[in-house]
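Here's the structure, in structure tokens; my notes come after.
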């Protein structure tokens, strides 16, 4: 609804966000009201997961909301960019969303626009819900009936239908967001928005298992309940949904703990397998990933553990095929090889060493094992010391130091039981101490907040959040402390400003600047509140202002009085002086001015009398007798008795009387003309006669008598015309057009220019034309009605429109056109319905149920009461249900057949397919249970078979084969006691066999030496047990000089050499050198990229490209890692620049911005900071 700006509050020393109203809604009253509602809705809610509103107001023509500034990303960006997030963190996000909405619902506020764009996630994982602009409050009447508000693809079905809805509508929208967060795919989205809304209303089967195959079993029931079409089938409220997510999160944590324990038991065997000469590179990668996962300070997540254990399980068979296990030649009392020992030296301690060229011929390269434990390596000794030191530090309570030393011991010794237990105990103690510290800090922060020590409360809340970033009560406490601190700062600023205003006001009062001091006192009172000293000072200032006002009014009155005196308005001047005396009674200036006014008025009166006398005689000379008489009489009143004035007054009186007679005669003439104008000829003649009597020589009266006679004659002519006109109009009203025409013609004879007669003639012509038009309209309407009855809609419309040409506002024609349109639309709809039903039947015949159902629904939309369409749709649904049941029965039959032939994968797939069609199918559930039971039975049979084969191989002294069978049993069942016992017995048998062979070799050597001493000639024989050939000189064999005993001894030696050499050659076959394979390095690089350790990934990929420059996969991964490393670096620098800028370190922040712009010259965040 507007733009958002980042701003800085200088008073409260904080950054805020300012949201302004968009230009296109500024003049829309409803949208403007919705903008205000967003602020009021969110401001009324105080919750850690709802954005905080600080202020609302207008500046000029700009309406704005001030809210808290949020760091991090919107959930929309996280989903769009597919930013890695563990399942546990996703559940934590939904728990916080549910808690925030539950708080809003408890205040009877429904959000109505839940979507990823309105959910903000901070860098520490705190969720904030935004945009309450269309939230519904029950007491509000803003939302009109039938108006749908919100984002369509995130609406609930009841919102789309514009029906009644409650807080469970927000629950459905939250379910869509949850699905999208888990799979990065909207569950109902389609390219067509109408299809998307249709999916929301009707689609029930969602491909969740395909989009999230690793989902834990308890996840889909929670999600599917949120996405139920009917509100009654969803959770009752957000609190229930939050509890379900928390329960699922606890189950995942428990499962992760169990899998971590399993992985810790597998890691030692995995390490031995990875160190074999022919071990797969994948085993090394899995060992490295396992160690990294277990060494993390945070608990490994569920999906990573599940994936890793799955890969380890699948790798066991391949490992057996590649390299048979070797049995270490270490006596029971000997210590195992240190995990950090050299693999080559470990191999030499177990296998016979090859004979070198310098060894004497006939000496075996294999020696009997020494029955004493090997000495500890330096790493092992150092590890033991660190273990003991860590245990001591743990007992002393120095847990962090103990943890560091135990970690280093783990690196040197590997996961020994005592060391792992010590590490677990240390972490547990650290966690307990952290929880105790958090509780203590929380109580201390609350006490500090209650005591008004807001900075201490904020500092302690920050310490709590560093230990537990998502602790809600700490977040709320921090918010309250910051709010109270800001309010206290505002109050302190007001107090300081008030004191300054009071000081300024007192100084102004002392300088008698009463008005300025009163304004300052009022500002001080607003800032400091009621104060006795301020009130008294204000009364003093007000009294001073009142006295100043009275003095100013008095001076103004006197000034005005002087002006009036100079203007000779003496009475007004005297009144002004008296008003000034009322304002200030004892006023000498006023009394003096009154005396001056009296003197000036007397002098003025004498002058006025003389002027009036002169003016009177002047007017008399000019024969202005009335004015002359008035002026002379005024002069007589002023000057008193005067003979000259008496003569002048008498002369003016006689002249006035003569003028009066003439005036009377003129008046009679005027009355006569007035009577003539009103055609009162007798009265006019009488007034003219009286004018002649008053003034005998009155020429105007004589002319007027003649004019009266002419006017009387003209009057008689007009009366005749008026009579004819009136008669014509009456005839016209009676539709006697001929009579009206005759009278109008007679008037024209008397007065050819008479307008009324012309008007009568024109109206007669118009009446004739109107009659013809009405007849034409009646004909057209009748023809249109006839065409409508015959369903000739176009012809009917043409005739109706012709009526409008004759009568544009014809109501009958308008109604007729409406009837034509309705009839034509009904006809088209009926034809379309029949066509849709025909197409639906054809599609049904062609077995295209979807198309047939679409046609039937469209027909019902056009004609809601169409029985045939309803029956067709019902038949389609019944046929679908029947086929669904047939398909389920067929799949179940195939699944049982696959189970009967032990094809568990196929049987499981078929059972899952049945469940995807019918999630509650009991037969499919039973089939899956049968598959698991059959698998378990097969596993038990395999174990029994392998144990039997192991016993047979041991009895026949095939120790390698026996060890392999026992190892296979342990891979199937790691806790099998019989297999472990057999392995120990096999080791004993191998050692006994080797001892027996050594004794046999010694005995043969003695017999050979005896035979040589007995023989007459030397026999050169190579009895290297590693060589199958025995070379005898021909001269010796055929000379006949070898005694029979020597010959028998030589033959025996030859046979034994062959046997021993073959056995040793089998055990010491050279391992072929594999071709270069970078799959493990590439997998490691991919793993580091997913963990956001881009630097390590880049180093590995550069090493691969040095050995294989043309490797495309390595090149692609290197480009991706470099780009992401660049983005990560820029983001880190931006955060650091923001921090430095907020701390006032502008120069350092500018240097960091320069680095960012070198990497990305168009980076908006850096440009904004620099600006």
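Checking the conditions here, which among 863, 831 is crowded, with 16+ Cβ neighbours inside 10 Å, under 27 Å from residue 785 (Cα atoms) and either assigned by TED's automatic domain parsing to the domain that holds residue 799 or in contact with a helix residue (DSSP H, G or I) (Cβ under 9 Å, 6 or more places away or on another chain) (or both)? Step through it out loud before you land on a result.
Values: 831 fails: crowded, with 16+ Cβ neighbours inside 10 Å.
Criteria check complete, one pass: 863.
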### Task
Go through the stretch 184-215 residue by residue and tally those that are touching a helix residue (DSSP H, G or I) at 6+ places or on another chain (Cβ under 8 Å), within 15 Å of residue 173 (Cα to Cα) and in a helix (DSSP H, G or I).
4
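Look at residue 555 and say whether it is surrounded by 14 or more Cβ atoms within 10 Å (Cβ to Cβ), more than 30 Å from residue 635 (Cβ to Cβ) and either without any contact (Cβ under 8 Å) to a residue 40 or more places away in the chain or over 60 Å from the mean Cα position of the chain (by Cα) (or both).
Working: surrounded by 14 or more Cβ atoms within 10 Å (Cβ to Cβ): yes; more than 30 Å from residue 635 (Cβ to Cβ): yes; either without any contact (Cβ under 8 Å) to a residue 40 or more places away in the chain or over 60 Å from the mean Cα position of the chain (by Cα) (or both): yes.
Yes; evaluated as a whole, the condition is true for this residue.
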## Note on the structure
If we take the stretch 1074-1171, then helices (runs of 4 or more DSSP H) inside it with 2 or more residues that are outside the structural domain of residue 14 (by TED's automatic domain parsing) and more than 31 Å from the chain's Cα centre (by Cα) are 1079-1090, 1094-1107, 1112-1142, 1146-1159
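Can residue 655 be described as touching a residue at least 24 places away in the same chain (Cβ under 8 Å), part of a helix (DSSP H, G or I) and farther than 30 Å from residue 512 by Cα?
Working: touching a residue at least 24 places away in the same chain (Cβ under 8 Å): yes; part of a helix (DSSP H, G or I): yes; farther than 30 Å from residue 512 by Cα: yes.
For residue 655, the condition - touching a residue at least 24 places away in the same chain (Cβ under 8 Å), part of a helix (DSSP H, G or I) and farther than 30 Å from residue 512 by Cα - is met.
Quick grid of which residues meet (1) in contact (Cβ under 8 Å) with a residue 40 or more places away in the chain; (2) touching a helix residue (DSSP H, G or I) at 6+ places or on another chain (Cβ under 8 Å); (3) farther than 25 Å from residue 73 by Cβ:
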| residue | (1), (2), (3) |
| --- | --- |
| 1111 | no, yes, yes |
| 1117 | no, yes, no |
| 1120 | no, yes, no |
| 1127 | no, no, no |
| 1142 | yes, no, no |
| 1147 | no, no, yes |
| 1151 | no, no, yes |
### Task
Give 246, 296 a once-over and let me know the one that is at pLDDT 85 or above and within 30 Å of residue 431 (Cβ to Cβ).
246
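Of everything in the stretch 558-588, what is under 17 Å from residue 600 (Cα atoms) and in contact (Cβ under 8 Å) with a residue 24 or more places away in the chain? Give them in sequence order. Steps first, answer last, please.
Of all residues in the stretch 558-588, those under 17 Å from residue 600 (Cα atoms) come to 558-577.
Answer for the stretch 558-588, where residues must be under 17 Å from residue 600 (Cα atoms) and in contact (Cβ under 8 Å) with a residue 24 or more places away in the chain: 558, 561, 562, 565, 568, 570, 573.
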### Task
Assess whether residue 876 counts as being under 25 Å from residue 203 (Cα atoms) and not in a loop (DSSP other than H, G, I, E, B).
yes
### Task
Read through the list (1) in contact with a strand residue (DSSP E or B) (Cβ under 8 Å, 6 or more places away or on another chain); (2) free of Cβ contacts under 8 Å to residues at least 24 places away in the same chain, then give the number of the only condition that residue 111 fails.
(2)
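Looking at 564, 593 in this structure, which one is at pLDDT below 85 and either under 30 Å from residue 639 (Cβ atoms) or exposed (fewer than 12 other Cβ atoms within 10 Å of the Cβ) (or both)?
Working: 564 fails: at pLDDT below 85.
None of the others qualify; the one that does is 593.
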### Query
For the stretch 383-402, how many residues meet the condition of being under 47 Å from the mean Cα position of the chain (by Cα), exposed (fewer than 13 other Cβ atoms within 10 Å of the Cβ) and outside any helix (DSSP H, G or I)?
1
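State whether the residues of the stretch 449-456 include one that is surrounded by fewer than 16 Cβ atoms within 10 Å (Cβ to Cβ) and within 30 Å of residue 121 (Cβ to Cβ). Can you show your working first?
From the stretch 449-456, those surrounded by fewer than 16 Cβ atoms within 10 Å (Cβ to Cβ) are 450-452, 455; that's our starting set.
Retained after the next criterion (residues that are within 30 Å of residue 121 (Cβ to Cβ)): 455.
Yes - at least one qualifying residue is present in the stretch 449-456.
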### Query
Checking residue 192 against (1) under 22 Å from residue 79 (Cβ atoms); (2) modelled with pLDDT under 85, which test does it fail?
(2)
### Query
Would you say residue 557 is outside the structural domain of residue 52 (by TED's automatic domain parsing) and under 30 Å from residue 453 (Cα atoms)?
no
### Residues that are surrounded by fewer than 14 Cβ atoms within 10 Å (Cβ to Cβ) and not in a helix (DSSP H, G or I), drawn from the stretch 248-298
277, 278, 296, 297, 298
### Message
I need the full set of residues from the stretch 83-103 which are in contact (Cβ under 8 Å) with a residue 60 or more places away in the chain and farther than 28 Å from residue 307 by Cα, in order please.
### Response
97, 98, 99, 101, 102
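Wholly within the stretch 684-793, which helices (runs of 4 or more DSSP H) include no fewer than the required count, namely at least 3 residues that are touching a helix residue (DSSP H, G or I) at 6+ places or on another chain (Cβ under 9 Å), assigned by TED's automatic domain parsing to the domain that holds residue 805 and in contact (Cβ under 8 Å) with a residue 24 or more places away in the chain? Full working, then the answer.
Working: elements: 699-733, 737-750, 755-789.
In the stretch 684-793, 755-789 are the helices (runs of 4 or more DSSP H) which contain 3 or more residues that are touching a helix residue (DSSP H, G or I) at 6+ places or on another chain (Cβ under 9 Å), assigned by TED's automatic domain parsing to the domain that holds residue 805 and in contact (Cβ under 8 Å) with a residue 24 or more places away in the chain.
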### Task
Tell me, please, whether a residue that is within 30 Å of residue 91 (Cβ to Cβ), crowded, with 18+ Cβ neighbours inside 10 Å and without any contact (Cβ under 8 Å) to a residue 24 or more places away in the chain can be found in the stretch 403-414.
no
### Message
For the structure I just gave you, tell me whether residue 844 is assigned to a helix (DSSP H, G or I), over 30 Å from residue 789 (Cα atoms) and outside the structural domain of residue 198 (by TED's automatic domain parsing).
### Response
yes
### Message
Restricting to the stretch 519-537, name every residue that is crowded, with 20+ Cβ neighbours inside 10 Å and more than 24 Å from residue 487 (Cβ to Cβ).
### Response
520, 521, 537
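Results for (1) modelled with pLDDT under 85; (2) over 25 Å from residue 951 (Cα atoms), shown as yes or no for each residue.
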{"site": "995", "(1), (2)": "no, no"}
{"site": "999", "(1), (2)": "no, yes"}
{"site": "1004", "(1), (2)": "no, yes"}
{"site": "1013", "(1), (2)": "yes, yes"}
{"site": "1017", "(1), (2)": "yes, yes"}
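The values are calculated or read from the model by the stated rules, or taken from the named source; none is laboratory data. Since the model is a prediction, treat every value here as computed from it, not as a measurement. For neighbour counting, all protein chains shown are included, and Cβ atoms are generated from backbone atoms with ideal geometry for every residue, glycine included.
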